[in-house]
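One structure below.
No value in this document is a laboratory result; all are computed from the given coordinates. Keep in mind that this is a model prediction, so the values were computed, not measured.
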């Protein structure tokens, strides 16, 4: 599968889209990597018809002999910052939660429309982190909360496939 991503040349290296011809290499390298073999499939690194997504670009860096050096993937992301009004009453917390849930629908819509693949925010507020994981679908790790838009795109593709049947 050929993509429309550009190739770049610099300092004796060439950066090219990681198309399916690189799948066997990505598969072998991922399986040989003790840190990725159980968590990452080779198609994470390689463009396929099944994983086409305008939010994600996959590349392989080739050396001057055209041998792969490494794969990498770029996911368009937006960092979200928020400041709540002062107040910790039950009414304030419910108002904040309701506005987050209602506003998040718009945020997902505008992110998807803009080909943004992830929404990311940092917080040191454990209740906020727990709320965003439980009710908004974020995944928390190392101080960041990440919402992956891929699930929305996959669900819409499945709906379209069902409609077109």
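Looking at the chain, the DSSP beta bridges with both ends there are about 90 percent antiparallel. The value of relative contact order for the chain, using C-alpha pairs under 8 Å at least six residues apart, is 16 percent. The structure-derived value of Kirkwood radius over Cα pairs in Å appears in the list (1) 18.1; (2) 18.6; (3) 15.6 under the label (2). Computed from Cα positions, the angle between helix 90-113 and the longest principal axis of the chain comes to roughly 30 degrees. Based only on Cα atoms, what Rg/Rh ratio does the stretch 8-75 have, Rh being taken as Kirkwood's radius? Reported Rg/Rh, Kirkwood definition of Rh: 0.97.
When the chain is treated as a GNM with alpha-carbon contacts under 10 Å, the residue of 20, 83, 122 showing the greatest mean-square fluctuation is 83. For the chain, modelled as a GNM whose springs connect Cα atoms under 10 angstrom apart, the maximal fluctuation among 21, 120, 56 occurs at 21.
Here the sum of -39500 (n - 2.57) over DSSP H runs of 4 or more residues, divided by the residues of the chain, equals -12000 deg cm²/dmol at 222 nm, to the nearest 500.
Computed over the chain with a Gaussian network model linking Cα atoms closer than 10 Å, the most mobile of 71, 104, 44 is 104. Potential lengthening of the chain between residue 89 and residue 8 amounts to 23.6 nm, from the contour at 0.36 nm per residue minus the alpha-carbon distance.
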